[in-house]
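The values are calculated or read from the model by the stated rules, or taken from the named source; none is laboratory data. Quick caveat, the model's predicted, so the values are computed rather than measured. Virtual Cβ from ideal backbone geometry, glycine too; neighbours counted across all protein chains shown.
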Ligand code: SIN
């Protein structure tokens with residue numbers, strides 16, 4: 001990858017706010033730096049929205065809502081379809097933007113482009129399938145009609161780890177349902193969202209439907225919007241700690257909320273597992289996105305009969321990763337997104353080792369520049385280690401053991417989180433038991449990745465509320481209005 005190509009792409013990405021169909025600087029003139037986490041150099045400067053800009057964005061979304069709700073579903077579908085085609089054609093641009101601003105290797109970034117674009121395609125197909133219902137009341141008298149309509153102006157707060165897919169997973173169903181929106185992308189990774197905005201603008205999205213306000217003052221800018229009666233929905237992807245505060249703030253206006261929050265995924269390897277498949281799945285579940293995913297395997301629970309063989313083979317695979325800037329052809333793991341992420345990983349590993357865990361691989365943070373942390377495997381991790389309770393968000397695999405299915409389920413469920421679980425077994429009945437007994441929103445059986453735009457992504461317990469993707473994803477943006485109609489045969493009956 002040449003520096004010229006990087007500079008050419010960076011120069012082509014808009015860096016303003018996008019409000020009411022126009023690109024503009026922040027009202028204060030403020031800008032912030034976007035940093036390359038591999039080099040710690042400044043990639044771009046982006047307009048830093050103020051509370052007044054946030055208000056203008058919501059005003060534009062509110063003003064556009066009525067007309068947008070009345071557009072033909074097919075028209076909304078076609079905008080999404082054109083955006084899907086454009087993102088797919090520009091895979092290299094989107095991939096490079098993501099690699100530069102958040103660090104993942106280009107091959108993985110291309111994978112995210114395919115994943116993120118697919119939400120545009122899936123919801124382009126769903127837009128024209130929104131339907132209500134009509135029924136006769138059980139007593140045979142009144143008629144019951146249910147009409148679906150868009151929830152209304154929505155606020156999206158998206159994370160840095162999947163800068164494209166987490167935006168399209170919210171924007172696409174909102175467009176399909178006829179909602180207008182304000183998007184606040186993560187301040188660490190605004191460039192991908194701004195590039196997506198320009199694609200949606202070119203695809204014909206009317207002014208005011210999507211308004212984008214990168215900011216470093218998240219609370220000051222989004223707080224007043226959440227309390228504003230013009231807003232009807234809030235959708236957030238990020239930590240449980242922040243999600244909890246946003247849910248509390250949303251109570252004033254009784255907003256519809258969707259929350260994709262933290263995870264603490266158990267990866268369970270039973271004694272009957274196909275170990276080749278389990279090792280492949282473990283590498284995927286742990287190392288996708290360098291471990292910076294809420295669905296990343298956070299705790300490995302391995303049956304005592306197979307733990308030695310699993311650990312040896314898994315550690316060898318972890319050893320084969322090549323840390324390097326994501327633009328390097330041989331890079332298979334890029335940097336973490338920032339120094340704070342590395343600090344947290346380092347402290348979790350240190351805590352586990354102090355508690356008695358052994359380091360089978362990695363565990364030593366290299367000198368800079370760049371926020372690198374090496375693939376790390378910890379064995380003999382004590383059950384009370386903090387690393388088993390907190391989201392690691394990095395390439396560290398803590399391995400513990402269990403002796404019975406009952407113990408595996410009990411330990412897997414011993415967390416306030418319930419986003420995803422992974423289990424490797426060849427016993428169909430056991431797999432079905434796990435589906436009923438694990439407290440989780442998603443379960444991978446002999447599969448290290450479950451994310452799919454056609455499936456409902458979301459968690460139970462403190463991992464969140466609502467679902468994104470699949471048939472369920474559009475429901476989050478629709479209200480039901482029930483219309484009771486008097487018995488049309490009443491006159492004939494009397
Ligand atoms: C996340 O980690 O936030 C989402 C990952 C995914 O969609 O697979």
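When segment 118-170 is filtered for residues that are assigned to a strand (DSSP E or B) and within 16 Å of the ligand (Cβ to nearest atom), the ones remaining, listed by number, are 156, 157.
Inspection of segment 425-436 identifies at least one residue that is surrounded by 22 or more Cβ atoms within 10 Å (Cβ to Cβ), at negative phi and not assigned by TED's automatic domain parsing to the domain that holds residue 157. The residues of segment 471-492 that are closer than 13 Å to residue 130 by Cα and in a helix (DSSP H, G or I), listed by number, are 471, 472, 473, 474, 475. Give 57, 49 a once-over and let me know the one that is in a helix (DSSP H, G or I), away from the ligand (no atom under 16 Å from the Cβ) and closer than 19 Å to residue 211 by Cα. After applying the criteria, what remains is 57.
Being in contact with a strand residue (DSSP E or B) (Cβ under 9 Å, 6 or more places away or on another chain), more than 23 Å from residue 423 (Cβ to Cβ) and crowded, with 16+ Cβ neighbours inside 10 Å is the requirement here; does residue 363 meet it? When the stated conditions are applied, residue 363 passes them.
Does residue 348 count as at pLDDT 95 or above and not in a helix (DSSP H, G or I)? Considered against the rule, which asks whether it is at pLDDT 95 or above and not in a helix (DSSP H, G or I), residue 348 comes out as no. Looking at segment 90-105, can you tell me whether even one residue there is in contact (Cβ under 8 Å) with a residue 24 or more places away in the chain, more than 19 Å from residue 196 (Cα to Cα) and either not assigned by TED's automatic domain parsing to the domain that holds residue 323 or not in a helix (DSSP H, G or I) (or both)? Looking through segment 90-105, at least one residue is in contact (Cβ under 8 Å) with a residue 24 or more places away in the chain, more than 19 Å from residue 196 (Cα to Cα) and either not assigned by TED's automatic domain parsing to the domain that holds residue 323 or not in a helix (DSSP H, G or I) (or both).
Here residue 170 clears all of (1) surrounded by fewer than 24 Cβ atoms within 10 Å (Cβ to Cβ); (2) within 30 Å of residue 333 (Cα to Cα) except the condition numbered (1). Could you tell me whether residue 369 is over 27 Å from the mean Cα position of the chain (by Cα) and in the same structural domain as residue 436 (by TED's automatic domain parsing)? In short, yes.
Residues of segment 171-195 that are part of a helix (DSSP H, G or I) and within 16 Å of the ligand (Cβ to nearest atom): 171, 172, 173, 192, 193.
Could we say that residue 123 is within 28 Å of residue 56 (Cα to Cα), out of contact with any strand residue (DSSP E or B) (no Cβ under 7 Å at 6 or more places or on another chain) and modelled with pLDDT of 95 or more here? When the stated conditions are applied, residue 123 passes them. Looking at segment 240-313, the strands (runs of 3 or more DSSP E) lying wholly inside it that each contain 2 or more residues that are away from the ligand (no atom under 14 Å from the Cβ) and closer than 19 Å to residue 427 by Cβ sit at 265-269, 297-303. Checking the structure you have, find out if any residue of segment 451-472 is more than 16 Å from the ligand (Cβ to nearest atom), out of contact with any strand residue (DSSP E or B) (no Cβ under 6 Å at 6 or more places or on another chain) and outside the structural domain of residue 302 (by TED's automatic domain parsing). Yes, because at least one residue in segment 451-472 is more than 16 Å from the ligand (Cβ to nearest atom), out of contact with any strand residue (DSSP E or B) (no Cβ under 6 Å at 6 or more places or on another chain) and outside the structural domain of residue 302 (by TED's automatic domain parsing).
Within segment 27-41, residues that are assigned by TED's automatic domain parsing to the domain that holds residue 54 reach partners that are at pLDDT below 95 with beta carbons closer than 7 Å, at six or more positions or on different chains, in the pairs 40/368. Can you tell me how many residues within segment 316-344 are in a helix (DSSP H, G or I) and either crowded, with 20+ Cβ neighbours inside 10 Å or modelled with pLDDT under 95 (or both)? Here the count works out to 3. Residues in segment 330-349 that are over 20 Å from the mean Cα position of the chain (by Cα), touching a residue at least 40 places away in the same chain (Cβ under 8 Å) and under 21 Å from residue 93 (Cα atoms): 331, 332. Under the condition of being surrounded by fewer than 20 Cβ atoms within 10 Å (Cβ to Cβ) and farther than 27 Å from residue 106 by Cα, the residues counted in segment 38-54 number 2.
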